[in-house]
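Chemist: My questions will all concern the structure given below.
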Amino acid sequence: MVIVYRSNTGFTRQYAEMLGKTEKMKVFPLSGAEHNVPAGEPVFYMGPLMAGHISGIDQAVKKFSVKGACGVGMSPASQQVLETLAKANYTNGAPIFYLQGGWAPKKVGWLKRRMVGMATKSMRESLRDKGSSRSPEEDRYLDFLLHGGSFVAFENLESIREWIKSL
Ligand SMILES: Cc1cc2nc3c(=O)[nH]c(=O)nc-3n(C[C@H](O)[C@H](O)[C@H](O)COP(=O)(O)O)c2cc1C
């Protein structure tokens, strides 16, 4: 199995490269993968979340034998995120994972920045309204929503690594 990924602002690429290194798997960007990865090859696909959709998953499922997929988004990992992903993405029965990546407002165009701004508005407002009763984690998350940042961490790969080992 090889890793194929798409990444717009670099967070998914960081995870794909980390996972490839630790599990000794080859890593290919989706654009250009058709030259390096034969059609039907077993693949672990990783892509950034866009409005709940794993960017590039449909192309990957069409070309390769996707054994597992992973969405990389900006929200903290939760059971609810996983359930939403399972509903919004077709993987032909392959398991879907989620990793918290980051948010790089300066690397996306104004329209996308606005879309994210609208999607996170109520969260920002409720965190702001908490004022000094915000926990340190909430402080960090509010700053992340406003200015961007990264939650990419090697430890987050644990469940994916366990799953790869169980194959
Ligand atoms: C237009 C747009 C829509 C997004 N939708 C979601 C989303 O539904 N859920 C989420 O958690 N993150 C969402 N994000 C945040 C990205 O998924 C996040 O920044 C991700 O880490 C980007 O990965 P990349 O650096 O590999 O491109 C969205 C970002 C943009 C620009």
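Chemist: Anything in region 50-65 that is more than 14 Å from the ligand (Cβ to nearest atom) and without any contact (Cβ under 8 Å) to a residue 60 or more places away in the chain? List them, or say none.
Modeler: Selection gives 58, 59, 60, 61, 62, 63, 65.
Chemist: Exactly one of (1) within 12 Å of the ligand (Cβ to nearest atom); (2) open to solvent by 30 Å² or more (accessible area, probe 1.4 Å) is unmet by residue 100. Its number?
Modeler: Tallying (1) within 12 Å of the ligand (Cβ to nearest atom); (2) open to solvent by 30 Å² or more (accessible area, probe 1.4 Å), residue 100 fails exactly one: (2).
Chemist: Looking only at helices (runs of 4 or more DSSP H) that lie completely in region 54-131, which have at least 2 residues being outside the structural domain of residue 9 (by TED's automatic domain parsing)? Give the derivation first.
Modeler: On the way: elements: 57-63, 79-88, 110-119, 121-130.
Passing ranges, in order: 110-119, 121-130.
Chemist: Name, by its number, the condition in (1) modelled with pLDDT under 95; (2) open to solvent by 10 Å² or more (accessible area, probe 1.4 Å); (3) under 20 Å from residue 91 (Cα atoms) that does not hold for residue 67.
Modeler: It is condition (1) that residue 67 fails.
Chemist: Also: Does residue 83 count as within 14 Å of the ligand (Cβ to nearest atom) and among the charged types (D, E, K, R)? Spell out the reasoning first.
Modeler: On the way: within 14 Å of the ligand (Cβ to nearest atom): yes; among the charged types (D, E, K, R): yes.
Considered against the rule, which asks whether it is within 14 Å of the ligand (Cβ to nearest atom) and among the charged types (D, E, K, R), residue 83 comes out as yes.
Chemist: For the condition within 15 Å of the ligand (Cβ to nearest atom), under 22 Å from residue 102 (Cα atoms), in contact (Cβ under 8 Å) with a residue 60 or more places away in the chain and not hydroxyl-bearing (Ser, Thr, Tyr), what is the one hit in 10, 68? Break it down into steps so the answer makes sense when it comes.
Modeler: On the way: 68 fails: within 15 Å of the ligand (Cβ to nearest atom).
Every option except 10 fails the conditions.
Chemist: So which residues in region 141-167 are more than 16 Å from the ligand (Cβ to nearest atom), among the charged types (D, E, K, R) and surrounded by 12 or more Cβ atoms within 10 Å (Cβ to Cβ), if there are any at all?
Modeler: 161 - this is the single residue of region 141-167 that is more than 16 Å from the ligand (Cβ to nearest atom), among the charged types (D, E, K, R) and surrounded by 12 or more Cβ atoms within 10 Å (Cβ to Cβ).
Chemist: Among the candidates 11, 64, which residue alone is of a type in the set (Phe, Trp, Tyr) and either touching a Phe, Trp or Tyr at 6+ places or on another chain (Cβ under 8 Å) or under 20 Å from residue 165 (Cα atoms) (or both)?
Modeler: 64
Chemist: Filter region 112-134 down to residues that are open to solvent by 100 Å² or more (accessible area, probe 1.4 Å) and under 20 Å from the mean Cα position of the chain (by Cα) and give me whichever is nearest to the ligand (Cβ to nearest atom).
Modeler: Checking each candidate, the answer is 115.
Chemist: Another question about this same structure. Where residues in region 13-49 are open to solvent by 70 Å² or more (accessible area, probe 1.4 Å) and not in a helix (DSSP H, G or I), which of them is nearest to the ligand (Cβ to nearest atom)? So that I can check it myself, show each step before the final result.
Modeler: Of region 13-49, the ones open to solvent by 70 Å² or more (accessible area, probe 1.4 Å) are 13-14, 17, 21, 24, 26, 31, 34-36, 38-39.
Now restrict to residues that are not in a helix (DSSP H, G or I): 24, 26, 31, 38-39.
Numbers: 24: 22, 26: 19, 31: 13, 38: 25, 39: 24 Å.
It comes out as 31.
The values are calculated or read from the model by the stated rules, or taken from the named source; none is laboratory data. From a predicted model like this one, the values you see are computed outputs, not experimental measurements. Virtual Cβ from ideal backbone geometry, glycine too; neighbours counted across all protein chains shown. These area figures cover heavy atoms from the full protein model, side chains too; ligands, DNA and RNA do not enter into them. Shrake-Rupley method; radii C 1.70, N 1.55, O 1.52, S 1.80 Å.
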